[in-house]
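Below: the structure, in structure tokens.
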Amino acid sequence: MKSSTLSKSVLLYFEAEQDSATRIAHAGNLALAQIDSHHFPDGEMKLRLPAPLPAQVVILRTLNDPNEKLIELLLVAQTARDLGARHLTLVAPYLAYMRQDIAFHPGEAISQRIVGRFLAGLFDAVVTVDPHLHRVATLQEAMPVTNAVVLSGAPLLSDLIAARRQRPLLVGPDEESAQWVAMAASRHGFDHAVCSKVRHGDRAVDVVLPDLPVLGRQIVLLDDVASTGHTVAKAARLLLAAGAASVDVAVTHALFSGDALQLLQTAGVGEVWSTDCITHPSNAVSMAATIAQALTQIQEEVQKSAIRR
Ligand code: R5P
């Protein structure tokens, strides 16, 4: 078990996220320690945390492919408390299950609320990036945790776009992307608009372009997440058919399941850029410094409230 001095506060990570953890710990001057995990032949797992733990513990787990990770977090959080942690922060740069925020059909589980409450029961604070909050206004509504911090990848993606493209036009592939598109556009004064989308199935979407000229424009499609890639691929095809000079894609969360990247390429997309919230070859900007800053603030607030008590 690799660990440095476990004094004031420690960042715990799983092996697969060692690089992200190292970037965050370095930016925030945090101690770092790995959680060891063993998978039994029958599919169960055994986790081992460094012991003892300091009072403030941060756990990094980005929640793409979330199902097994949610069980891991249940085991980790309860074990961390047994080992001395009194304040637990979850850093989940990608927060899963946020898109199912209502029962679209009778009987459907409202996963956002259920997973949100599950995590709020385990942690005192949560730090995440661009959670898919559409019909709820704040993360705290979905996840009633004492301290819910929402960061955004839009500013850094906007800086990257400003450096790579001339007078780009930012286009959101659906109405839900409007918040991130507006944020990224305002930072550098980019023109921007959003499409409208009707989803018929996992891989079947209809997209209607916004009513503005795209002829000869360098377009960047910007969204919080791309999963199968069908949403941005459909928008890219329409934009190129309407005369756009180029279409690139920028997303906070690079889920890109299956052949998504191939699909984008076939649709005529040039570059694909993402943040490192999910490790992926398209990662072009790092959220580490922003996350570290949020952790420092949480740490200071916890220390202040401990002094007051
Ligand atoms: C939903 O509104 C999200 O912002 C994305 O547009 C959506 O999840 C993309 O899914 P896919 O890549 O599978 O079309």
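Summary of computed values
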read-out	value
Check on GLU44, touching a Ser or Thr at 6+ places or on another chain (Cβ under 9 Å) and over 18 Å from MET287 (Cα atoms)	no
Check on ALA204, within 10 Å of the ligand (Cβ to nearest atom), over 29 Å from ALA163 (Cβ atoms) and not β-branched (Val, Ile, Thr)	yes
Checking ARG99 against (1) under 29 Å from THR275 (Cα atoms); (2) modelled with pLDDT of 95 or more; (3) part of a loop (DSSP other than H, G, I, E, B), the condition it does not meet	(2)
Pairs where the first residue, in segment 96-117, is without any contact (Cβ under 8 Å) to a residue 40 or more places away in the chain and more than 14 Å from LEU133 (Cα to Cα) and the second is surrounded by 13 or more Cβ atoms within 10 Å (Cβ to Cβ) and of a type outside the set (Phe, Trp, Tyr), C-beta under 8 Å, 6+ apart	ALA103/ILE110; GLU108/GLN100; ALA109/GLN100; ARG117/MET143; ARG117/PRO144
Residue check for SER227: modelled with pLDDT of 95 or more and buried (at least 21 other Cβ atoms within 10 Å of the Cβ)	no
Every residue from segment 26-64 that is in a helix (DSSP H, G or I) and either free of Cβ contacts under 8 Å to residues at least 24 places away in the same chain or in contact with a helix residue (DSSP H, G or I) (Cβ under 7 Å, 6 or more places away or on another chain) (or both)	ALA27, GLY28
Count of segment 131-166 residues which are surrounded by fewer than 17 Cβ atoms within 10 Å (Cβ to Cβ), at pLDDT 95 or above and of a type in the set (A, V, I, L, M)	3
Positions within segment 210-242 being more than 15 Å from the ligand (Cβ to nearest atom) and more than 23 Å from ALA162 (Cβ to Cβ), in sequence order	ASP211, ALA241, ALA242
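Yes/no per residue for (1) outside the structural domain of PRO93 (by TED's automatic domain parsing); (2) closer than 17 Å to ALA284 by Cα; (3) assigned to a loop (DSSP other than H, G, I, E, B); (4) in contact (Cβ under 8 Å) with a residue 24 or more places away in the chain:
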position: LEU222; (1), (2), (3), (4): yes, yes, no, yes
position: ALA235; (1), (2), (3), (4): yes, no, no, yes
position: LEU238; (1), (2), (3), (4): yes, no, no, yes
position: GLY243; (1), (2), (3), (4): yes, no, yes, yes
position: VAL249; (1), (2), (3), (4): yes, yes, no, yes
position: PHE256; (1), (2), (3), (4): yes, yes, yes, yes
position: LEU263; (1), (2), (3), (4): yes, no, no, yes
position: TRP273; (1), (2), (3), (4): yes, yes, no, yes
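Residue-wise test of (1) of a type in the set (Asp, Glu); (2) away from the ligand (no atom under 15 Å from the Cβ); (3) surrounded by 18 or more Cβ atoms within 10 Å (Cβ to Cβ).
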residue: VAL249; (1), (2), (3): no, no, yes
residue: LEU255; (1), (2), (3): no, no, yes
residue: ALA260; (1), (2), (3): no, no, yes
residue: LEU263; (1), (2), (3): no, no, yes
residue: GLU271; (1), (2), (3): yes, yes, no
residue: ALA289; (1), (2), (3): no, yes, no
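The values are calculated or read from the model by the stated rules, or taken from the named source; none is laboratory data. All values reported here derive from a predicted model rather than from experimental measurement. Ideal geometry is used to build each Cβ from the backbone, glycine not excepted, and the neighbour counts take in all protein chains shown.
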